[in-house]
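Read through the structure below, which is laid out as structure tokens, and then see the notes.
Readers should treat all values here as calculations from the given coordinates under stated rules, not as data from a laboratory. In this text the structure is predicted, and so the values were computed from the model without any measurement. Counting neighbours? That spans all protein chains shown, and the Cβs are built from the backbone with ideal geometry, glycine included.
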Amino acid sequence: MTAKCPQCGFRADLLTETTFHTCSQCSAVFRVYHGRSISEQYFRHEPDESLAWGALLGFLDAEGFCIPSRRGEIAFAYHPFWLADKADGGTLFKAGAPLPENFPSPSSPPAGDLEFAKNDPSLSPSVTDPQQAFPETIELKRLRLLQIPLYLINYEVAAEKYQATVSGCTWQIHANRLPQEGGLRIPWPRLTFLAVYLTALLTAGFLAPNIVWRLGMLVVILLAAWALERSGFGRG
Amino acid sequence: MATIVFKCPQCGGPFEFAEGDGSSLCRFCGVTSVIVGDRGVHRLVIPERIDLKAARTSLRKLLAAQGGGQDFAASFSFNGGRLLFLPFWRIRGMAMGWQWCEKETFKEEIDYDENGTRYTRRIKGPNERVFSLIAKPLNFNSPAGDYASFGMVRVGLAGDVLQCEPMDYPAAAARGSVIDPLKGVAQARQEALAMTRDSADAEGTVRRKSRVRISSEWLSLMYYPIWNLHFSREGRVYPVMVDAVNGEVIRCRFPGGNQHEPFLPLAMLALLVLGWTTMPAAGVAATILVVYLLKRRSGSLDIAAIIRLFAGMPERVAGVQRG
């Protein structure tokens, strides 16, 4: 069987029926499925877990969602995706291997600097067969395997667990569920503070002999309460 | 039409040629150069006009102007940035072909009722079949990938107005990251033809058939520069996209600060107590004043907002968003 290298075009005789091959001319790694050579490319990326976590926090903050108080568990890996050019001009993009449960996949290929894969152990070797990924009725013109750097983040907000996928190419966030602002929590320290304040106001209001005394006492109580509030008292 | 600057292969002098030209004459040495693209596709780049410092300043100005002053802008620290060259398919030429369509027709009839009042009736006529030839200039730009996370880039206008240069990959890669096109030219052509068909008059069309092709096609892959910056506050990272040609911030999401009003609810309670412990009329007046203040503060008497105010919960001020 012969196959053409997708990077340099060199046509080589393949001695085995295995899937993985390395071009003897340009050292590019490519795969052969059903006699068809498929280029394997990856997005160049330097892993940075703190930046991925910061990007998730920034997204939650900017979009008005709850912020987790503790850093979540972050797993970085390259994940394979099929990118197919259809004969009618359109493209299809599908995950080459399922992501762990509850982690959504990007719906379109990210923008980035693509390079032909070499023998890199960090790239994911296992993918679904392209014939299973795409229905036979669709005529494919070109098929590529893209290895996309993804951060899978598990985090907790109010004892509930959430998952998010952060793209290492564009720092885009993909999530099925995001931590919404919780229900109305009763701020007991604040309510206690207001109850004491109101009691003091009513006591002064009823005990004051005339309007001048009443006004003076209420202003004093108001200023005292304001000073306490500004110092953080009663906020809980 | 874009103007492209090239170096003459004989004398090295700069000469310009218009987009679509197949050859050009050097005005210094008089040699004629034939223009060809890389594997049939001309690859051009619009050089960046602003540097990293200017991009950062542009964002800071936006934060100060829309986020409530210099303090807000200074609360975000700059973490770094990189230049990206985004590829766009650019197709110029003539869209030529034919179009057949069947349209509904209506005519208006004036009539009078028994009271003599005049009215107009709309009556459906026979369907009209129209065959027309299409021949119109095509100027189409389409992103060669999914750039939703980068915001809107006005490459179409820029490509017409600004000077382009032939793409020099090593030089561009030394300045930033050159993004690879993931959308094929076939899809870009389809989009261009679909735009040509859609722009034809479609009112009242029942059926339509057309066959349109691009003639005298000039195809190019144009790289547009943008700055991708990262700002952070309290460990949260906010990505920003700045147009590297005109310095405009094209995408950012910055949250506003939390606003806490401690004095207003306390003063309102004191006012109510003062009014109702003095005399009923004063109590009613105090209540009306409190209701007026609440309505003026938030524009309406929103119960949730009133509860939040008295419960001392901070409210988030609108942040700065683009794209």
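At a glance:
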read-out: Dipole moment magnitude, nearest 20 debye, chain A about Cα centre, only Lys, Arg, Asp, Glu C-beta charged; value: 620 debye
read-out: Proximal lysines to B:LYS124, defined as alpha-carbon separation beneath 24 angstrom and excluding residues fewer than eight positions away on the same chain; value: B:LYS103, B:LYS107, B:LYS209
read-out: For A:SER37, distant residues with modelled amide H under 5 Å away; value: A:LYS4
read-out: Helix-only [θ]222 nm of chain B, DSSP H runs n ≥ 4, -39500 (n - 2.57) each, per residue, nearest 500; value: -8500 deg cm²/dmol
read-out: Chain B: relative contact order in percent, alpha carbon pairs under 8 Å with at least 6 residues between; value: 24 percent
read-out: Considering only the protein assembly as shown, percent of DSSP beta bridges that pair antiparallel, nearest 5; value: 90 percent
read-out: Candidates B:ARG233, B:ARG251, B:ARG213, ranked by Gaussian network fluctuation over chain B, Cα under 10 Å, top entry; value: B:ARG233
read-out: Relative packing of B:218-224, B:57-63, which averages over residues the other C-beta atoms within 10 Å, highest first; value: B:218-224, B:57-63
read-out: Shielding of B:301-313 by partner chains, average beta-carbon count, 10 Å; value: 2
read-out: Extension gain, A:ASP13 back to A:SER126 (0.36 nm per residue minus Cα-Cα distance, nm); value: 38.3 nm
read-out: Angle in degrees between helix B:280-298 and the longest Cα principal axis of chain B, rounded to the nearest 10; value: 10 degrees
read-out: For B:174-180, mean number of other protein chain Cβ atoms within 10 Å; value: 3
read-out: Restricting the stretch A:132-205 to GluC sites (Glu not before Pro) in coil, as DSSP defines it, with at most 12 other Cβ within 10 Å; value: A:GLU136, A:GLU139, A:GLU181
read-out: Greater than 27 Å apart at Cα, pairs in A:LYS161/B:LYS61; A:LYS118/A:LYS161; A:LYS118/A:LYS141; A:LYS94/B:LYS136; value: A:LYS161/B:LYS61; A:LYS118/A:LYS161; A:LYS94/B:LYS136
read-out: Among A:PRO47, A:GLN147, A:ALA62 - extreme Cα towards positive end, dipole of chain A, charges at beta-carbon; value: A:ALA62
read-out: Given charges at beta-carbon only (K, R positive; D, E negative), |dipole| of the stretch A:105-236 in Debye; value: 700 debye
read-out: Note, ³J(HN,Hα) from phi for the stretch B:126-133, Karplus 6.51, -1.76, 1.60, rounded to Hz, x at Gly and Pro; value: x, 5, 9, 10, 10, 10, 9, 9
read-out: Cα-based helix-to-principal-axis angle, A:49-63 vs chain A, degrees rounded to 10; value: 50 degrees
read-out: Computed magnitude of the charge dipole of the stretch B:209-323 (debye, nearest 20; Cβ of K, R +1, Cβ of D, E -1); value: 480 debye
read-out: Most mobile listed residue (A:LEU194, A:LEU146, A:LEU60) in chain A, GNM with C-alpha springs under 10 Å; value: A:LEU194
read-out: For chain A, Cys with no neighbouring Cys Cβ under 4.7 Å; value: A:CYS66, A:CYS169
read-out: Shielding score for B:261-273, defined as the mean number of other chain Cβ atoms within 10 Å; value: 6
read-out: Amide H partners (placed H, <5 Å) of B:GLU248, local residues excluded; value: B:ASP243
read-out: Reciprocal mean inverse distance between Cα atoms of the stretch B:76-168 - Kirkwood radius, Å; value: 19.8 Å
read-out: Two-site label geometry, B:ALA74 and A:GLU139: point separation in nm, points 7 Å out along Cα→Cβ; value: 6.6 nm
